[in-house]
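For reference, the structure is listed below as structure tokens.
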Amino acid sequence: MCYAIPGKVEKIEKNTVIVDYFGEKRKALNELAQVKVGDYIYAQGGFVVSKISPSEAESILEVWKETFFHLQEVDLKLSRLHLGDKNTDRGLLEILDKASQSKELNRDELLYLLELKDQAGLELLFKTANFLRQKYHKNSCCVHGIIEISNYCIQKCHYCGISYHNKELQRYRMTKDEILKSAQVAVQEYGFKSLVLQSGEDPGYSADELADIIKEIKEKFPSLIFVSFGEVGIGGLEKLYQAGARGLLMRFESSNPKIYRDLHPGQNLESRLMHLRQAYKMGYLIITGGLIGIPGQGKEDILNDIFLAKELHAEMFSFGPFIPHPHTPLAGVKPAQVEEVIKVLAVARIIDNTQAKILVTTALETLSSEAAKSALLAGANSLMLNVTPLAYRQFYSIYPNRAHQSEDIAVQIESTVSLLRSLGRAPTDLETI
Ligand code: 5AD
């Protein structure tokens, strides 16, 4: 099983290649030396990640050919939009009608959507977001694999189960060989083209050591690599980029400086935003977003969060529910509700029709096993599977009972593929041109 479809290089203009996927043309940046017109390649997040032999590509494409168009039809059917039931609130219909034409909504209109409670209204909001997702992103859904390389952390974030204050937690730090082995399994055995390497803020690895690991993964197991090691400093980001990392996953958690300060003793929002802004300038793809349902957060804050993610040029939005962890200062706070989170994803899709992918977070899946499907039908178009070795996974307990905590990669892949197929989604990951 692979998570991207091979494409044929049609044209090369400097470092940009035009790739053909069953007649659809897409664009990607190429950093590989030996790519020429007529080659088959895999691309992710707008980057060519590897070359593939014509015979292998052609046999994969043969299998995909029928499926590709069939999936598009299924998706199109599921994303049709009918606004205009006479029992529905007129004000809501006007807002959604405007949104469905990609007209910009004002703050009051967006807040109205975030305040929605009524079930019929919510369903229309979700359908509108799904319609926009289909219109601009087609049926592509990107699937990244995440390897949680260490749960050591020096930060004291109030919500997080692996933060420094949790003295009950057994800590682990994967060795370089273990990390390489996990990357090998993910890329070579399971066909992942895109990996996220994540840890707490762990001084146990230096930036040079991390860079060394990334370099070796890039050489041996070609893939698009996102780093998510917290605030490694601008020098650190540069080293990791030089080594071959091309994405940064770093949430700003909350755009409200007071909430940020209250939740992150000793840290400040400015420093986090500075990392995100500098990373973008360096050429990193940005995945960012915030926590939904944290104490003191109102709908205005959530709206600001979505606008901030957009301003930071997020190539993917990552907004997920807060889930209390028993060994943290927020143990007694209620978790966010599934519908509230999906509402945020839908509004994010309305705010950013064209650019950002929207991630279904594992935290959302943890709240309900149906949530991934609902989110994919409300504007989301991206998933992350956990490829951390099973022996360590349970210790990366940012919140309790994480979805897929004890599921083998093969099992996660099987259920993901069957979910995506039922919704007409294909695991491609490039912009249409
Ligand atoms: N609930 C939900 N998400 C959490 N994270 C940390 N703790 C929790 C929690 N209790 C998220 C943070 C962080 C990401 C790695 O995990 O948003 O950015």
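Provide the convex hull volume over Cα atoms per residue for segment 1-82, in Å³. Don't skip to the end; give the middle numbers.
Details: hull volume 8.9 nm³, N = 82.
So the per-residue Cα hull volume is 108 Å³.
Pulled fully out, how much extra length does the chain show between Glu270 and Thr354, if you take 0.36 nm times their separation in residues and subtract their Cα-Cα distance? Could you put the intermediate results ahead of the total?
Values: separation 84, 0.36 × 84 = 30.24 nm, distance 2.74 nm.
So the chain would gain 27.5 nm between Glu270 and Thr354.
Tell me which of Ser397, Leu383, Ile351 sits at the most positive position along the dipole axis of the chain, charges placed on C-beta atoms (Lys, Arg +1; Asp, Glu -1).
The residue sitting farthest along the positive end of the dipole is Ile351.
Quick one: Debye curve from the C-alpha atoms of segment 70-142, no solvent, what's log10 I(q)/I(0) at q = 0.11, 0.13, 0.16 Å⁻¹?
Per q value, in the given order, log10 I(q)/I(0) is -0.29, -0.40, -0.59.
Express in whole angstrom the spacing between the alpha-carbon centres of segment 256-281 and segment 29-67.
Between the Cα centres of segment 256-281 and segment 29-67 lies a distance of 39 Å.
Quick one: if you stick a label point 7 Å off each Cα along the C-beta vector at Tyr164 and Lys25, how many nm between them?
So the two model labels end up 5.4 nm from each other.
Please give, to one decimal in nm, the separation of the simple spin-label points placed at Lys65 and Gln337, each 7 Å out from Cα toward the Cβ.
In this crude spin-label approximation the distance works out to 5.0 nm.
In square nanometres, what is one fourth of the surface area of the convex hull spanned by the alpha carbons of segment 204-362?
If you wrap the Cα atoms of segment 204-362 in a convex hull and average its projections, you get 10.1 nm².
Could you give the length gained by full extension between Glu370 and Leu390, i.e. 0.36 nm per residue of separation minus their alpha carbon distance, to one decimal place? Could the numbers behind the result be given before it?
Working: separation 20, 0.36 × 20 = 7.20 nm, distance 2.35 nm.
Between Glu370 and Leu390, full extension yields an extra 4.9 nm.
About the Cα centre, and with charges only on the beta carbon of Lys, Arg (+1) and Asp, Glu (-1), how big is the dipole of segment 99-238? Nearest 20 debye, please.
Magnitude of the dipole: close to 440 debye.
When 1/r is averaged over all different Cα pairs and the result inverted, which Kirkwood radius in Å belongs to segment 213-259?
Values: mean 1/r = 0.0840 Å⁻¹.
Kirkwood radius, segment 213-259: 11.9 Å.
Just order 135-145, 56-66 by mean Cβ neighbour count inside 10 Å, highest at the front, would you?
Details: 135-145: 22.8, 56-66: 13.3.
Highest to lowest by the protection proxy: 135-145, 56-66.
Rounded, prolate or oblate: pick one for segment 137-428, where a ≥ b ≥ c are the square roots of the eigenvalues of its C-alpha gyration tensor, a/c under 1.5 means rounded, and failing that, prolate if a/b is larger than b/c, else oblate. Before the final figure, lay out each step's value.
On the way: a/c = 1.23, a/b = 1.06, b/c = 1.16.
Rounded, since a/c falls under 1.5.
Subtract the Cα-Cα distance of Ser206 and Arg277 from 0.36 nm times their separation in residues, and report this length gain in nm to one decimal. Display every interim value, and only then the final one.
Values: separation 71, 0.36 × 71 = 25.56 nm, distance 2.22 nm.
The Ser206-Arg277 span can extend by a further 23.3 nm.
Compute the distance in nm between two label points, each set 7 Å from the Cα along the Cα-to-Cβ direction, one at Ser415 and one at Ile52.
2.6 nm
Can you give the % of DSSP beta bridges in the chain that are antiparallel, to the nearest 5? Walk me through the numbers on the way to the answer.
Details: 20 of 52 bridges.
Around 40 percent of the beta bridges assigned by DSSP in the chain are antiparallel ones.
Which stretch or stretches of segment 134-174 have amide N atoms under 18 Å from the point lying 7 Å from Arg80's Cα along the Cα→Cβ direction?
134-135, 139
Run lengths n ≥ 4 of DSSP H only: what is the helix-derived mean residue ellipticity at 222 nm for the chain, with -39500 (n - 2.57) per run over all residues, to the nearest 500? Mind showing how you got there, number by number?
Working: 15 runs with 176 residues, N = 433.
The helix-only estimate for the chain comes to -12500 deg cm²/dmol at 222 nm.
None of the figures in this text is laboratory data; all of them are computed from the coordinates on show. None of these values were measured; they are calculated from a predicted model. Note that we place each Cβ from the backbone using ideal geometry, even for glycine, and neighbour counts take in every protein chain shown.
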